[in-house]
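One structure is given here, and the rest of the page talks about it.
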Amino acid sequence: MEFYPPIEKSGIQEIKRFQEEKLRELLIYLDTHSPFYQQLFKENRINIEEIRTLEDLQKIPTTTKNDLQQNNHDFFCIPPDKIVDYSTTSGTLGDPVTFGLSDNDLERLAYNEAISFACAGIRKGDVVQMITTIDKRFMAGLAYFLGLRKMGASVVRMGPGIPELQWDSIFRYKPKYLITVPSFLLKMIDYAEKHGIDYKNSSVYGAVCIGESIKNQDFTDNILSQKIKEKWDIRLFSTYASTEMSTAFTECEYQVGGHHHPELIITEILDDEGNPVKEGESGELTVTTLGVEALPLLRFKTGDIVKAHYEPCECGRNTMRLGPVIGRKQQMIKYKGTTLYPPAMNDILNDFNTILCYQIVIRSNEIGLDEIIIKLSTEEESEVFVNEVRDHFRAKLRVSPKIEMVDFDILSKVVFNPNSRKPITFIDLR
């Protein structure tokens, strides 16, 4: 199998023509098999024969997470007996959204992860330790396993948590790469230092980081990444993906954004009015999946605010690259005239080495305005420290949130919920 697809190093116009051909195939498939899109085409009087170019996509309404939740069954294009795996993702209205995958979809998922891991430098024969769940209907862990298997890597399925077992496995099986939420690396380092483990001389070369950002918008290391690398000299690779996309954007060795795979997905960056943003501007990532059999999506708004980068990469790929997620559209906070997203607050809190864990809570106050509450567990509970945190917020973001000190045993159980793939550091109660 080709893990370095030639289309990714083709010219921009050739990539565009390739995607337009795939788009026409998708529209025919949706018009034939998708009850939801059949109805959408009919209601909006869309003749799919008139959608010939990527620009023509503007003639089709976008699809939202609410659409998926309210019409979940109508998105399925295959009968239940063709589904070999069920995955779920959280919905905006409370109930989870179900995704089914056919045998072909699992092959596509494996291909996506194989070329993504190859992009990050993983090779056949490398040992990779998965510090992430593969159960509980999460698609990601299954995707990682299938991709590593397809490319000929060896997998150590450790699952999340328990630093002692992670280190035992590292010294037993000598993995070259880890797949993990990056903040957990700090817990592993802390455990190693307290128990005299010579982690700096382990076999680990790098980590593929999921679920949390490790880069600033200019691709420099953010605070979390800096704190890891100050202690442990390993390579950290960003990746961005979602269940809805069944596709990943992963950094190459030059680490200047996650590479787009044009054979798997069409991307648009849209403003609040649904128009394409100008190059260099941020907007909502909107995707059209290619080659998905069970539940394909057309112009699906992910809710993630991102910036695309189009200049050719030194690795030779000419594909678009996604910068770090600026924030989720639904998590945008309007606070005393300032627009904020949770990642900016994460960076500030990660600046303090004495904070053991934290959670950002947003709620509406009695007059309907957004209110920010920062719950902290720390080694030094003092008014001086609280004021220091508050001053840091004022200096960096020009806001002064309410800060509550919470016992570590209480807060950690909420933040590191065993039913969640990643720390729950943000709760929106609006």
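Results for (1) at pLDDT 85 or above; (2) open to solvent by less than 20 Å² (accessible area, probe 1.4 Å); (3) assigned to a helix (DSSP H, G or I); (4) out of contact with any helix residue (DSSP H, G or I) (no Cβ under 9 Å at 6 or more places or on another chain), shown as yes or no for each residue.
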position	(1), (2), (3), (4)
Thr302	yes, yes, no, no
Lys307	yes, no, no, yes
Asn318	yes, no, no, no
Ala344	no, no, yes, no
Asp347	no, no, yes, no
Can you tell me how many residues in the stretch 158-183 are under 15 Å from Ile210 (Cβ atoms) and either among the polar types (S, T, N, Q) or touching a strand residue (DSSP E or B) at 6+ places or on another chain (Cβ under 9 Å) (or both)? 10
Inter-residue pairs, beta-carbon under 7 Å, first more than 16 Å from Ser213 (Cβ to Cβ) and in the stretch 417-430, second of a type outside the set (D, E, K, R) and at pLDDT below 80, 6+ apart: Asp428/Gln331; Arg430/Ser364
Looking at Asp95, is it open to solvent by 50 Å² or more (accessible area, probe 1.4 Å) and of a type in the set (Asp, Glu)? yes
Exactly one of Leu27, Leu40 is under 30 Å from Lys278 (Cα atoms), in contact with a Ser or Thr (Cβ under 9 Å, 6 or more places away or on another chain) and at pLDDT 95 or above, and that one is Leu40
Among the residues listed as Gly291, Gly283, the single one being of a type outside the set (S, T, N, Q), open to solvent by 30 Å² or more (accessible area, probe 1.4 Å) and under 29 Å from Phe36 (Cα atoms): Gly291
Exactly one of (1) among the basic types (Lys, Arg); (2) buried (at least 20 other Cβ atoms within 10 Å of the Cβ); (3) under 19 Å from Thr132 (Cα atoms) is unmet by Lys215. Its number? (3)
Give the residues of the stretch 196-238 that are closer than 17 Å to Pro163 by Cα, charged (D, E, K, R) and touching a Phe, Trp or Tyr at 6+ places or on another chain (Cβ under 7 Å), sorted by residue number. Lys200
Residues being out of contact with any Phe, Trp or Tyr (no Cβ under 8 Å at 6 or more places or on another chain), surrounded by 16 or more Cβ atoms within 10 Å (Cβ to Cβ) and assigned to a helix (DSSP H, G or I): count how many of those fall in the stretch 153-169. 2
Give Lys187, Lys229 a once-over and let me know the one that is open to solvent by 20 Å² or more (accessible area, probe 1.4 Å), in contact (Cβ under 8 Å) with a residue 12 or more places away in the chain and either more than 30 Å from Arg299 (Cα to Cα) or part of a loop (DSSP other than H, G, I, E, B) (or both). Lys187
Among the residues of the stretch 59-87, what is the count of those that are in contact (Cβ under 8 Å) with a residue 60 or more places away in the chain, surrounded by 16 or more Cβ atoms within 10 Å (Cβ to Cβ) and more than 21 Å from the chain's Cα centre (by Cα)? 7
Scan of the stretch 163-183 for residues that are in contact (Cβ under 8 Å) with a residue 40 or more places away in the chain and hydrophobic (A, V, I, L, M, F, W, C), ordered by number: Ile170, Leu178, Ile179, Val181
If you go through the stretch 109-149 one residue at a time, how many are outside any loop (DSSP other than H, G, I, E, B), surrounded by fewer than 20 Cβ atoms within 10 Å (Cβ to Cβ) and not hydrophobic (A, V, I, L, M, F, W, C)? 1
Taking first residues from the stretch 7-36 that are aromatic (Phe, Trp, Tyr) and second residues anywhere that are surrounded by fewer than 17 Cβ atoms within 10 Å (Cβ to Cβ) and outside any helix (DSSP H, G or I), the pairs with Cβ under 7 Å that are 6 or more apart or on different chains are Phe36/Asn71
Quick one: how many residues across the stretch 390-416 are of a type in the set (A, V, I, L, M, F, W, C), in contact with a strand residue (DSSP E or B) (Cβ under 6 Å, 6 or more places away or on another chain) and within 14 Å of Leu356 (Cβ to Cβ)? 5
Run Asp105 past the list (1) in contact with an Asp or Glu (Cβ under 6 Å, 6 or more places away or on another chain); (2) under 21 Å from Gly211 (Cβ atoms) and report the number of the one that doesn't hold. (2)
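The values are calculated or read from the model by the stated rules, or taken from the named source; none is laboratory data. All values reported here derive from a predicted model rather than from experimental measurement. Methodologically, a virtual Cβ is constructed for each residue, glycine included, from the backbone with ideal geometry; neighbour enumeration extends over all protein chains shown. Remember, those area values only see protein heavy atoms, side chains included, never the ligands or the DNA or RNA. Shrake-Rupley method; radii C 1.70, N 1.55, O 1.52, S 1.80 Å.
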